[in-house]
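Participant: Sharing a structure, written as structure tokens. Questions coming.
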Amino acid sequence: NGYDVTVDKGFYYTIPYVSTILDIPMTSSYFRIEDHMVPFVQLVLHGLIEYAGEPFNMNQDMQYQVLKCLEYGANVYGRFMYKEDMVLHNTYFMNLFSLHYSNWLEEANIIYNTVNDVISDVQDQYMVNHEMLAEDVYMTTYENGMQIIVNYGDTDFVSENFGVKVGVYDFKVVKEGK
């Protein structure tokens with residue numbers, strides 16, 4: 001009926017009816033048989049449905065979360081509340097910490113703008129390739145030719161093939177022909 005429907009995690013049968021999926025897995029199952037994380041769900045959904053990983057303010061390493069969003073083409077979102085954080089003290093919800101919106105206004109703006117400036121050009125594009133370029137360095141390619149290289153490593157990544165240098169715990173956008 002023209003409404004946008006957002007689900008938290010969602011299931012296969014909800015896909016035809018939703019416009020956004022929140023808290024989509026951004027890691028592997030960590031089974032011992034797996035060598036590398038592959039964004040299979042994201043490869044299938046990107047360009048069809050918007051999605052986001054876990055709330056950035058619920059993650060211990062926000063830079064890692066930003067890099068995952070860029071690598072997997074995910075939107076960012078945060079979980080906030082109007083009341084002060086102390087209302088959750090001595091409740092069953094003590095695992096929810098630092099949710100008061102005013103504590104996050106500046107940082108949320110920076111995180112959102114960083115990710116949005118990169119992935120806004122590919123939100124409607126299919127993800128056509130995801131590959132590991134080196135240990136802890138991954139590249140995602142979209143149908144319009146844009147590529148995002150993410151370096152989770154502790155040394156700079158230099159690629160003569162792409163003519164780029166990606167700093168430690170950083171990313172680089174490569175547009176076709178540039």
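Participant: What strands (runs of 3 or more DSSP E) lie completely within the range 84-178 and have 3 or more residues being open to solvent by less than 60 Å² (accessible area, probe 1.4 Å), in contact (Cβ under 8 Å) with a residue 60 or more places away in the chain and more than 21 Å from Q42 (Cβ to Cβ)?
Facilitator: By residue number, no strands (runs of 3 or more DSSP E) qualify.
One line per residue, one yes/no per condition, for (1) of a type in the set (S, T, N, Q); (2) closer than 28 Å to N151 by Cβ:
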site	(1), (2)
I24	no, yes
F40	no, yes
G47	no, yes
Q60	yes, yes
M81	no, no
I110	no, yes
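Participant: So in the range 123-169, with the set limited to residues that are out of contact with any strand residue (DSSP E or B) (no Cβ under 7 Å at 6 or more places or on another chain) and among the charged types (D, E, K, R), which one is modelled with the lowest pLDDT?
Facilitator: The selected residue is E160.
Participant: Hey, K9 hits all of (1) surrounded by fewer than 11 Cβ atoms within 10 Å (Cβ to Cβ); (2) of a type in the set (K, R); (3) out of contact with any strand residue (DSSP E or B) (no Cβ under 8 Å at 6 or more places or on another chain) but one; which does it fall short on?
Facilitator: All conditions pass for K9, except number (3).
Participant: Among the residues of the range 73-83, what is the count of those that are modelled with pLDDT of 90 or more and either open to solvent by less than 30 Å² (accessible area, probe 1.4 Å) or of a type in the set (D, E, K, R) (or both)?
Facilitator: Residues that pass the stated criteria total 3.
Participant: Of everything in the range 30-72 that's assigned to a loop (DSSP other than H, G, I, E, B) and closer than 14 Å to I111 by Cα, which residue is modelled with the lowest pLDDT?
Facilitator: That would be N59.
The values are calculated or read from the model by the stated rules, or taken from the named source; none is laboratory data. Quantities reported herein were computed from a predicted structural model and do not represent experimental measurements. All Cβ positions, even for glycine, are placed from backbone atoms using ideal geometry, and neighbour counts span all protein chains on display. To get the accessible areas, we keep the full protein, side chains included, count just its heavy atoms, and leave off ligands, DNA and RNA. Shrake-Rupley method; radii C 1.70, N 1.55, O 1.52, S 1.80 Å.
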